[in-house]
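Worksheet: one structure, shown below.
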Amino acid sequence: MDETELLARIAEALERLAPPPVQDGDWSAHPAYVWSALGAQAVPTLRAVPLDRLRGIDAQKASFTENVHRHAAGQAAHDVLLWGSRGMGKSALVKAAVADAQNAGAPLALVQT
């Protein structure tokens, strides 16, 4: 077997081992996705509490929601670190702000890892 045949066999074996290329999807097709080892799984409905039902965090809510809207509009936005005990509403705030932006027509999808 010459080198060309050997290299072709190795290349074919590597192609069989490699996962298929990921197709670019339409991230605005669904309001949310869950990312796993299988890739992005669509979530057809984003269940979010309305922003006005989140109480006692008005300044944080306004700042975070403005940041989400700016990000969705392609403007300068900041990275955000939400911290606190379990059950303090961190995820609820994120979902509510993203849903608010989506309801305003923003092309934005939430991705949970």
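Count, please, the residues in the stretch 33-51 that happen to be out of contact with any helix residue (DSSP H, G or I) (no Cβ under 9 Å at 6 or more places or on another chain) and either loosely packed, with under 10 Cβ neighbours inside 10 Å or not polar (S, T, N, Q) (or both). Quick ask: steps written out before the conclusion?
Taking the stretch 33-51 and keeping what is out of contact with any helix residue (DSSP H, G or I) (no Cβ under 9 Å at 6 or more places or on another chain), we get 33-45.
Okay, now just the ones that are also either loosely packed, with under 10 Cβ neighbours inside 10 Å or not polar (S, T, N, Q) (or both), so 33-35, 37-40, 42-45.
Counting residues in the stretch 33-51 that are out of contact with any helix residue (DSSP H, G or I) (no Cβ under 9 Å at 6 or more places or on another chain) and either loosely packed, with under 10 Cβ neighbours inside 10 Å or not polar (S, T, N, Q) (or both) gives 11.
With the requirement that a residue be within 24 Å of Gln41 (Cα to Cα), of a type outside the set (Gly, Ala, Ser) and free of Cβ contacts under 8 Å to residues at least 24 places away in the same chain, what does the stretch 83-93 give you?
Passing the criteria: only Lys90.
Of the residues Val49, Val68, Val80, Val34, which is at pLDDT 90 or above, within 12 Å of the chain's Cα centre (by Cα), among the β-branched types (Val, Ile, Thr) and within 16 Å of Val98 (Cβ to Cβ)? Please lay out each step first, then the result.
Working: Val49 fails: within 12 Å of the chain's Cα centre (by Cα); Val68 fails: within 12 Å of the chain's Cα centre (by Cα); Val80 fails: within 12 Å of the chain's Cα centre (by Cα).
Within the list Val49, Val68, Val80, Val34, the selection yields Val34.
Identify, please: which residue in the stretch 91-113 is part of a helix (DSSP H, G or I) and either over 16 Å from the mean Cα position of the chain (by Cα) or of a type in the set (Val, Ile, Thr) (or both) and is, among those, surrounded by the fewest Cβ atoms within 10 Å (Cβ to Cβ)? Break it down stepwise before answering.
Quick first cut of the stretch 91-113, residues part of a helix (DSSP H, G or I) only: 91-103.
If we keep only those that are either over 16 Å from the mean Cα position of the chain (by Cα) or of a type in the set (Val, Ile, Thr) (or both) as well, we get 94, 98, 103.
Details: Val94: 17, Val98: 23, Asn103: 12.
Per the stated criteria, the residue is Asn103.
Cβ-Cβ below 9 Å, separation at least six or inter-chain, first residue in the stretch 1-29 and farther than 30 Å from Leu108 by Cβ, second outside any loop (DSSP other than H, G, I, E, B) and among the basic types (Lys, Arg): which pairs?
From the stretch 1-29, the pairs are Met1/Arg9.
Report whether or not Thr4 is of a type in the set (S, T, N, Q) and in contact with an Asp or Glu (Cβ under 7 Å, 6 or more places away or on another chain).
no
Specify which of the listed residues (Ala73, Ala104, Ala99) is closer than 17 Å to Trp27 by Cβ and without any contact (Cβ under 8 Å) to a residue 60 or more places away in the chain.
Ala73
Let me spell it out: the conditions are (1) exposed (fewer than 11 other Cβ atoms within 10 Å of the Cβ); (2) of a type in the set (Asp, Glu); (3) assigned to a helix (DSSP H, G or I), and Asp26 meets all of them except one. Which number is the exception?
Against the list (1) exposed (fewer than 11 other Cβ atoms within 10 Å of the Cβ); (2) of a type in the set (Asp, Glu); (3) assigned to a helix (DSSP H, G or I), Asp26 comes up short only on (3).
For the subset of the stretch 52-62 comprising residues that are over 21 Å from Pro31 (Cα atoms) and either touching a residue at least 24 places away in the same chain (Cβ under 8 Å) or surrounded by 13 or more Cβ atoms within 10 Å (Cβ to Cβ) (or both), which member is farthest from the chain's Cα centre (by Cα)?
Looking at residues that are over 21 Å from Pro31 (Cα atoms) and either touching a residue at least 24 places away in the same chain (Cβ under 8 Å) or surrounded by 13 or more Cβ atoms within 10 Å (Cβ to Cβ) (or both), I get Ile57.
The values are calculated or read from the model by the stated rules, or taken from the named source; none is laboratory data. This one's a predicted model, so the numbers in the text were calculated from it and none came from an experiment. Ideal geometry is used to build each Cβ from the backbone, glycine not excepted, and the neighbour counts take in all protein chains shown.
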